[in-house]
Amino acid sequence: MRSKLILIVVAVAVIITGIFLFSRNTNQANNQNTASQNNKADENAAQEQFSFSNPKKSAHYETNTPSHGAILAAPPVNVVIDFNFDLAPPSTISISNNGKEYATGDLLIDGNKLSMRRNFDQSAADGLYKVTYNACWPDRSCHDGYFEFAIDRSRASSYEDMTGKTEALVRMSNIMFKPKDIKISKGTKVTWINDEEVEHYVNTDSHPAHTYHPLQNSGALKLGDSYSVTFDTPGIYPYHCSAHAQTMTGNIIVE
């Protein structure tokens, strides 16, 4: 009799555990589907507001940040283009709107020679910007390409305002950054905390290059782990979780 009672208790425990795990997985799947639908809606709205031409990709091109067709709530800190072949002078990047140049400073080629970048004028007005580039290799052969992004500062009205704080907290749960989009002051430290058993990452765009703001790249964050970055340069910082790159995204505006 006692052994039967033990078996019944064990069976009930197994059933309860199974129901809990099924419920959690269902909720996570629903959250991912909702996020995917929201992203698609944002993309459709972007196409209605701005008319983007088809991009041209050079030889050995991989990714770029901002992404083609992106509508940013603030000017980007810089424009970064990634390749799968060593870059060399005289590579160039130009960022223009209505014939005016908004790229600032010299072109920089990263230490691994796979990414090149150029800073962006933070006083740039809202509108559509075209990035044209020449990617050159050590043999001095060059290949050109272009892509476009837009700036619409009105979108910042939906960001959670954390300006004036010395530290801002972003939690990770239900396969989301909470809050997803924030606005902070220059010099603010942002700390991410993982509140769930699923491993997460904090990675700067693009995926998988993670080159836009390399200091904003964490390792795997387990339950209870945290990661912090202090932001000193004004502009917008798009980022994502590499384990859930399509649905778990966020943005930080630094003023």
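The values are calculated or read from the model by the stated rules, or taken from the named source; none is laboratory data. Everything numeric in this text was worked out from a predicted model, so none of it was measured. Reconstructed Cβ throughout: ideal geometry from the backbone, glycine too, with neighbour counts over all protein chains shown.
What to note about this one:
- Identity of the residue in segment 73-104, of a type in the set (Gly, Ala, Ser) and touching an Asp or Glu at 6+ places or on another chain (Cβ under 9 Å), that ends up farthest from GLY250 (Cα to Cα): ALA88
- Residues located in segment 126-163, provided they are surrounded by 13 or more Cβ atoms within 10 Å (Cβ to Cβ) and small (Gly, Ala, Ser): ALA135, GLY145, ALA150, ALA156
- Some residue of segment 91-106 being surrounded by fewer than 19 Cβ atoms within 10 Å (Cβ to Cβ), assigned by TED's automatic domain parsing to the domain that holds TYR133, farther than 23 Å from ASP181 by Cβ and among the acidic types (Asp, Glu): yes
- Residue count, segment 181-207 (criterion: in contact with a helix residue (DSSP H, G or I) (Cβ under 7 Å, 6 or more places away or on another chain) and without any contact (Cβ under 8 Å) to a residue 60 or more places away in the chain): 4
- Of the residues making up segment 63-95, those that are of a type outside the set (Ser, Thr, Tyr) and more than 20 Å from the chain's Cα centre (by Cα) are ASN84, PHE85, ASP86, LEU87, ALA88, PRO89, PRO90, ILE93, ILE95.
- Residues that are under 15 Å from ALA70 (Cα atoms) and among the aliphatic types (A, V, I, L, M) within segment 118-171 comprise LEU128, VAL131, ALA150, ILE151, ALA156, listed in sequence order.
- Sub-9 Å Cβ pairs linking a first residue in segment 159-175 that is assigned by TED's automatic domain parsing to the domain that holds HIS200 and over 18 Å from ILE236 (Cα atoms) to a second residue that is among the β-branched types (Val, Ile, Thr) and modelled with pLDDT under 95, at least 6 apart or interchain, are ILE175/THR247, ordered by first then second residue.
- Restricted to segment 1-114, the set of strands (runs of 3 or more DSSP E) holding at least 3 residues that are at pLDDT 95 or above and farther than 27 Å from MET172 by Cβ comprises 78-83, 92-97, 103-109.
- Number of residues in segment 172-200 that are farther than 26 Å from SER67 by Cβ, crowded, with 16+ Cβ neighbours inside 10 Å and among the basic types (Lys, Arg): the value is 0.
- Test for ARG140: is it in a strand (DSSP E or B) and of a type in the set (D, E, K, R): no
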